[in-house]
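Read-outs: derived from the displayed coordinates by stated rules, not from any lab. Note that this is a predicted model, so its numbers are computed, not measured. FYI the Cβ positions are ideal-geometry reconstructions off the backbone, even for glycines, and counts take in every protein chain you see.
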């Protein structure tokens, strides 16, 4: 059973398409918790973790939830996720919400209402250290598979080697994750990095692990 944690703006939507293609009706989608919105803990209580019996017909769970949600599955669960340079993740989130607003999220509404610049957006409490919160206390070494957006080709090869999931790019399905990143001033990058110090440490740890596995 793969437990795929979709950290926002880390190629998770593209990955979901690959999982749907590979697993079909054996893929269970879990997007009810909405960890970036107020009331996350209440929603998690209202939508408790499916039991092992309920998941018996599924081979993979994917969605926006904190990684520890499926701990009760024990040895059955193999965690997978993708990470991204924290500054680029914030920039992607900022520009995505400006293009495709989420009216349910108060931070998105504030972004549009006050026309926040990227540094002000990055300073919103719920926009800081997003990956750290989604990983729920787990470290990169705890994951069966951990891909890096900046190492997409190598990550896809490792994904296939570990899981048998072959990444098939569809024409016209390109997004900002594949463009090489957003241009930011040195000052803006430094400010956003400082606001995401925990994510920066997490990403550095993941990259070091990635490089060790490459050699």
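Length gained on full extension, residue 21 to residue 190: 56.9 nm, using 0.36 nm per residue less the C-alpha separation. Consider all pairwise Cα distances in the chain and report the whole-number % of them above 27 Å. The answer is 31 percent, as a whole percent. DSSP beta bridges confined to the stretch 2-214 are antiparallel in about 0 percent of cases.
Going from the fewest other Cβ atoms within 10 Å to the most, the residues 191, 139 appear in the order 139, 191. At 222 nm, what value in deg cm²/dmol follows for the chain if DSSP H runs of at least 4 each add -39500 (n - 2.57) and the sum is divided by all its residues, to the nearest 500? Computed ellipticity for the chain at 222 nm equals -12500 deg cm²/dmol. Note on the stretch 1-129: Rg/Rh from Cα positions, Kirkwood definition for Rh, rounded to two decimals, is 1.00. In whole angstrom, the stretch 1-70 maps to an equivalent ellipsoid with semi-axes of 20, 16, 8, each derived as √(5λ) from the alpha carbon gyration tensor and ordered largest first.
Relative to the current alpha-carbon distance between residue 141 and residue 157, full extension at 0.36 nm per residue lengthens the span by 3.9 nm. Packing, as the average of other Cβ atoms within 10 Å across residues, places the peptides 18-28, 198-208, 40-50 in the order 198-208, 18-28, 40-50, highest first. For the stretch 45-93, compute Rh as the Kirkwood radius over C-alpha pairs and then the Stokes-Einstein diffusion coefficient at 10 °C and 1.306 mPa s; write the answer in µm²/s, rounded to an integer. Using the Kirkwood radius from Cα pairs, D works out to 122 µm²/s. Among 182, 94, 70, the largest mean-square fluctuation in a Gaussian network model of the chain (Cα springs under 10 Å) belongs to 182.
What would the Debye equation give as log₁₀ I(q)/I(0) for the stretch 89-173 at q = 0.20, 0.21 Å⁻¹, counting only Cα atoms as equal point scatterers? The calculated log intensity ratios at q = 0.20, 0.21 Å⁻¹ are -1.00, -1.02.
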